[in-house]
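For reference, the structure is listed below as structure tokens.
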Amino acid sequence: MDMGICVASHVGDIDYVVRAEELGYSHAWLADSQMLWSDCYATLALAATRTSRIHLGTGVAVTGTRPAPVNAAGIATINALAPGRTFLGVGTGNTAMRVMGKKPQRIREFDEYLATLRPLLRGEEAMNDDGQPIVHIMPDRGFVNFEDPIPLYVSGFGPRSLGLAGKHGDGAVLGAASASALGGSWHMIEAGAREAGRAFDRDAYYTTALTTIVILEEGEAIDSDRVKSQCGAMAMAGVHFAYDQFRNFGHQPPNSMAGIWDDYTALLATFPAERRHQRIHGGHNCWVLPEEERFLTPEVLGAVCMIGTRDQLLERLHALADAGLDQMMILPNFDTRYDVLEQVAEQLIM
């Protein structure tokens with residue numbers, strides 16, 4: 001299985017991607033959220049000039065903030081700098097959109113977007129929303145690179161979005177962290193391909209899951225201060241997402257959050273409703289706000305992150321590989337990211 005990193009895009013932190021390449025990580029996925037981090041394409045351009053082997057792409061580019069031709073041109077520009085090792089991950093961007101007070105694209109819009117995007121990534125003509133043909137009319141002289149393929153990886157978590165990953169994608173970005181959950185994801189992906197009449201080869205389809213990993217020391221508790229310092233932000237991002245689903249759709253939280261839910265929702269209720277969309281995602285996937293530290297229970301940490309001894313983690317990774325997962329990408333806390341990068345490389349990358 002490949003091991004990649006997901007990066008909270010930081011235009012001044014290119015050394016992190018460079019070190020990941022040195023340690024043998026296969027992919028660097030630069031996250032896209034305008035009101036949280038640096039611009040992902042600017043950061044990718046810098047990373048492309050300082051690396052030579054690691055695959056570089058968006059993790060994931062948000063469809064609601066850039067028209068399809070803009071994302072196509074952006075990643076084709078990176079492909080000119082890092083030919084043959086560029087990919088495009090795309091998704092509707094729950095956090096990126098909601099932190100701006102906007103809604104993610106609906107499934108129908110996402111479907112239409114992907115249908116437009118896919119030919120553009122090959123330098124071919126597509127149709128815009130008004131039925132007008134669009135194509136990059138100056139693809140030569142190094143402005144962009146469509147000659148080296150740019151794989152399209154579609155982010156999906158539910159049946160319909162995973163169906164679109166099967167319909168349009170060369171691969172999928174998943175939330176599955178267990179072999180049983182991955183089996184369900186495959187069913188949805190293949191159903192989408194089948195409904196679209198697309199010939200589907202599971203062996204040629206590339207799947208990636210997002211989590212973070214903490215390797216326990218002998219006798220260490222799953223909720224030790226060190227564990228929380230390395231993966232607490234990822235765990236809280238899971239809580240933030242569950243609250244968004246609860247707030248916007250009435251979805252009940254997963255069982256792992258039952259013990260914190262009343263306290264957590266009461267905390268957020270103290271913030272003005274018109275600004276709550278900003279507060280929900282505070283510290284998103286970088287650090288944990290002090291008042292949220294108490295929500296990092298063993299149940300919350302274990303449900304969202306991969307935490308265990310080296311042998312336990314290797315067993316889980318092998319099971320995921322056997323179930324068809326091609327890559328695990330990790331997104332540790334910002335302040336401890338280098339520690340996690342080194343530990344996972346030393347003990348798990350083989």
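Please determine, by comparing only the residues of segment 141-161 that are hydrophobic (A, V, I, L, M, F, W, C) and under 14 Å from the mean Cα position of the chain (by Cα), which one is modelled with the lowest pLDDT. Filtering first and then ranking leaves PHE157.
Matching residues to (1) of a type in the set (Ser, Thr, Tyr); (2) surrounded by fewer than 20 Cβ atoms within 10 Å (Cβ to Cβ); (3) over 24 Å from ASN285 (Cα atoms):
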{"position": "LEU56", "(1), (2), (3)": "no, no, no"}
{"position": "ALA61", "(1), (2), (3)": "no, no, no"}
{"position": "VAL70", "(1), (2), (3)": "no, yes, yes"}
{"position": "PRO83", "(1), (2), (3)": "no, yes, yes"}
{"position": "THR95", "(1), (2), (3)": "yes, no, no"}
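Among the residues of segment 31-40, at least one is under 16 Å from ILE330 (Cα atoms) and not β-branched (Val, Ile, Thr). Taking segment 97-116 as the search range and keeping residues that are among the charged types (D, E, K, R) and closer than 30 Å to GLU274 by Cβ, which one is surrounded by the most Cβ atoms within 10 Å (Cβ to Cβ)? Looking at the filtered set, the residue picked out is ARG98.
Flag set for GLN252, criterion: of a type in the set (S, T, N, Q), in a loop (DSSP other than H, G, I, E, B) and over 17 Å from the mean Cα position of the chain (by Cα). One residue alone among MET97, MET138 is over 26 Å from GLY183 (Cα atoms), hydrophobic (A, V, I, L, M, F, W, C) and either at pLDDT 95 or above or assigned to a loop (DSSP other than H, G, I, E, B) (or both), and that residue is MET138.
Within this structure, ARG337 passes the test of being touching a strand residue (DSSP E or B) at 6+ places or on another chain (Cβ under 9 Å) and either touching a residue at least 24 places away in the same chain (Cβ under 8 Å) or crowded, with 18+ Cβ neighbours inside 10 Å (or both).
If you go through segment 188-247 and keep only what is among the hydrophobic types (A, V, I, L, M, F, W, C), outside any helix (DSSP H, G or I) and farther than 13 Å from LEU296 by Cβ, you end up with ALA196, ALA199, PHE200, ALA209, LEU210, ILE213, ILE215, LEU216.
Only one entry in PHE246, PHE200 is surrounded by fewer than 20 Cβ atoms within 10 Å (Cβ to Cβ), in the same structural domain as HIS277 (by TED's automatic domain parsing) and free of Cβ contacts under 8 Å to residues at least 40 places away in the same chain, namely PHE246. You will find that of ALA61, ALA28, ALA45, the residue that is assigned to a helix (DSSP H, G or I) and in the same structural domain as GLY169 (by TED's automatic domain parsing) is ALA45 and no other. Looking only at segment 121-146, which residues are surrounded by fewer than 16 Cβ atoms within 10 Å (Cβ to Cβ), hydrophobic (A, V, I, L, M, F, W, C) and in contact with a strand residue (DSSP E or B) (Cβ under 9 Å, 6 or more places away or on another chain)? Across segment 121-146, the qualifying residues are MET127, VAL135. Residues of segment 78-114 that are closer than 26 Å to ARG247 by Cβ, in contact (Cβ under 8 Å) with a residue 60 or more places away in the chain and either among the β-branched types (Val, Ile, Thr) or not assigned by TED's automatic domain parsing to the domain that holds GLY59 (or both): VAL90, THR92, THR95, VAL99. Total residues in segment 155-184 satisfying the condition of being under 19 Å from PHE241 (Cα atoms), part of a helix (DSSP H, G or I) and in contact (Cβ under 8 Å) with a residue 12 or more places away in the chain: the figure is 4.
The values are calculated or read from the model by the stated rules, or taken from the named source; none is laboratory data. Given the structure is predicted, the values throughout are model-derived calculations rather than measurements. Cβ sites come from the backbone with ideal geometry, for glycine too, and all protein chains shown count toward neighbours.
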